[in-house]
Amino acid sequence: MPGDAIRECIAACNDCAIACHTCAAACLREDDVAMMTRCIALDLDCAAMCELVAGAAARGSELLAAMCTACAQICDACGDECGKHQHDHCQACAQACRRCAEACRKLTVGG
């Protein structure tokens, strides 16, 4: 049975992946899509990493700490970019990214 930190990481990663997919889709519907390209790209990268980490955490992967380090970095980058945009979907994504980065850092070496 996984511990609390693992369960928190899985939930935060799943929530973040959903927020990132939602944000990317909403960004594609914005009037100035060109202005949103970095946000969309980071959303997709972040969602993919979060989905990978959630699965690794559920499996108890021996590489989880390394994956969580990378995930936290990607969540930070995505959260910073989304935080620059005032759209509700970007702000919600930024919050989910920050929560996920924090949960992942708890599982890193020295976290």
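Criterion first (under 16 Å from Ala26 (Cα atoms), within 12 Å of the chain's Cα centre (by Cα), assigned to a helix (DSSP H, G or I) and of a type in the set (A, V, I, L, M, F, W, C)) does Cys78 satisfy it? In short, yes.
For (1) of a type in the set (A, V, I, L, M, F, W, C); (2) more than 19 Å from Glu102 (Cβ to Cβ); (3) out of contact with any Phe, Trp or Tyr (no Cβ under 7 Å at 6 or more places or on another chain); (4) surrounded by fewer than 19 Cβ atoms within 10 Å (Cβ to Cβ), each residue gets a yes or a no:
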| residue | (1), (2), (3), (4) |
| --- | --- |
| Asp4 | no, no, yes, yes |
| Cys46 | yes, no, yes, no |
| Leu64 | yes, no, yes, no |
| Lys84 | no, yes, yes, yes |
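The number of residues in segment 81-111 being outside any helix (DSSP H, G or I), within 16 Å of Ile10 (Cα to Cα) and among the hydrophobic types (A, V, I, L, M, F, W, C) comes to 1.
If the condition is being under 22 Å from Asp31 (Cβ atoms) and basic (Lys, Arg), then segment 81-111 contributes only Lys84. Just one residue in the set Ile40, Ile10, Ile74 is farther than 14 Å from Cys104 by Cβ, in contact (Cβ under 8 Å) with a residue 12 or more places away in the chain and among the β-branched types (Val, Ile, Thr); that residue is Ile40.
Listed here are the residues, each with its yes/no results for (1) farther than 18 Å from Cys97 by Cβ; (2) of a type outside the set (D, E, K, R); (3) within 12 Å of the chain's Cα centre (by Cα).
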{"residue": "Ala17", "(1), (2), (3)": "no, yes, yes"}
{"residue": "Asp32", "(1), (2), (3)": "yes, no, no"}
{"residue": "Met35", "(1), (2), (3)": "yes, yes, no"}
{"residue": "Leu42", "(1), (2), (3)": "no, yes, yes"}
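Among residues of segment 19-34 being free of Cβ contacts under 8 Å to residues at least 24 places away in the same chain and in contact with a helix residue (DSSP H, G or I) (Cβ under 9 Å, 6 or more places away or on another chain), the one that is farthest from Gln95 (Cα to Cα) is Val33. Within this structure, Thr22 fails the test of being part of a loop (DSSP other than H, G, I, E, B), of a type in the set (Ser, Thr, Tyr) and either modelled with pLDDT of 95 or more or surrounded by 16 or more Cβ atoms within 10 Å (Cβ to Cβ) (or both).
The values are calculated or read from the model by the stated rules, or taken from the named source; none is laboratory data. Every value quoted in this text rests on a predicted model; they were computed, and no experiment measured them. For neighbour counting, all protein chains shown are included, and Cβ atoms are generated from backbone atoms with ideal geometry for every residue, glycine included.
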